[in-house]
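A short reminder: the numbers here are calculations on the coordinates, not readings from a lab. Just so it is clear, the model here is predicted, and its values are computed rather than measured. Glycine also receives a Cβ, built like all others from the backbone with ideal geometry; neighbour counts cover every protein chain displayed.
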Amino acid sequence: MAWILKRERADGGVSATVVWRLGGGRSGAYQSETFAAGSDAQNLSRAEGFKELVDAAGQRWPNGWVKGYGFVRPLDWPTRTGNRSEELRFSEVGDAHLGHLVALTARQRQRYLSQLGVLARTKVGGGYLFARPITQISSADLEAWLAGWDRSVKTKEEYFGLVREVFAYAAKHQHVEVDPTAELTLNASRVRRAAAGSPTKMRVLTRGEMARAIDLAGTHGDLLAVEVATGLRFSEITALWAGDVDVAERTIRVTKAWKRSGKHDHAGGLEVSGRLARQIQAKHAMRGHYLFAPTNPSASRTVTVSPTVAEMLAKRVHGKADDPFVFTTRRGLPWHPDDFSNYVWTKLMTKLGTEGITRFLFDDLRHTHAAWLLASGVQLHDLQTRLGHESITTTIETYGHLLPAADSLISEIIETALASVDR
């Protein structure tokens, strides 16, 4: 019989390793498979499931399982000209696609396999869309999935990226005639704009507009000022603790963010690292959300701020312990996005509207931050690091078009420079 060993990792999390003797005899060589990519509960659950597979296989590796990668399907399937292709299910093609990605780490591969499993269990219109043969999934089906799936826009983007990769692989190997994802686009900012009834094009604020917004925001002006000065995501800036701010060094450490709880999440969230889990208390709770440590290393970063912003933050954290939130409601609670929208943002947009300033989204403060940096000559790679993008491609696709849009800002900078020249 196989058994499970649990070990504490350096980050405080727990990995689970299934160990057994090949063939079950005392003379059999020791074999092992480790599960360490998910939460403690996930790792233990996966290990228990794998242990059952090993026991059922007579203390041998389950057929089709590759150490460190999981089940990998054969890659020599016939194309659509054969009979087998018509029966290929999305999950099977997904497994084959991952099998071709030799550069993936074991952790990345396990995460993608887990996502394929989530998709296979997701109901769309009363049925399991991703359990169908891949040729029977249309763009309309995918639109229905994206529209009705109870997950955050960011999560939808992540899963849609995987779905798009699988269909691209299927098209390349002629398992499908048409790629249904080619007709679809999913951009978090645009989705939020459409839901809010706002223009889909991002807004870059002038310095005058920004100054007026900060002034009209009253006691919440600090939040807007720090946001446009740092470019943090709303989920990041509202998750800041006093201990994340180093006034002397003028830095902010971004180590956590809010994430919306999904129907399949465990209590406390799926991605809470061991260290963060030990720090979280009842006062850190928010309805429908949980704090998590980003799995993307680029999202965890240190952002430098100006002396003015450092002074602003110093007043916010003075006399506080390390774990109270920096920006809170009057009751000292973290800002829930719905509450912030209802009690702060909507009122602010109404006030700005009476002064002829076009409404904008909170995301536009992040975009404005990026535009101002680009207008000042900051390189895209440095912008990527500051904004916490995992890939430079994301930075280019999101903000590349802001270069010409920032001409007016560049003109302001040049005008300021010329004004300082003695004539």
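Here the contact order of the range 3-63, divided by its residue count and restricted to Cα pairs under 8 Å and six or more residues apart, works out to 31 percent.
Put the Cα centre of the range 279-338 next to the Cα centre of the range 121-167 and the gap is 34 Å.
Per-peptide packing, taken as the mean over residues of other Cβ atoms within 10 Å, places 133-140, 314-321, 227-234 in the sequence 227-234, 133-140, 314-321 from highest down. Full extension of the chain segment joining R9 with R207 gains 66.5 nm, where the gain is 0.36 nm per residue of separation less the Cα-Cα distance. Listed cross-link partners K315/K347; K6/K51; K67/K154; K154/K259; K156/K259; K256/K283 are compared with a 20 Å cut-off, the Cα-Cα value being larger for K315/K347; K67/K154.
Placing +1 on the Cβ of every Lys and Arg and -1 on the Cβ of every Asp and Glu, with nothing else charged, gives the range 84-186 a dipole about its Cα centre of roughly 480 debye. Its Cα centre serving as origin, the range 214-334 has a Cβ charge dipole (Lys and Arg +1, Asp and Glu -1) of approximately 460 debye. Say R0 is 25 Å: what FRET efficiency, to the nearest 0.05, do A41 and D338 get from their beta-carbon distance? So the FRET efficiency works out to roughly 0.30. Label sites at A182 and A282, each approximated as a point 7 angstrom past Cα along Cα to Cβ, lie 5.8 nm apart.
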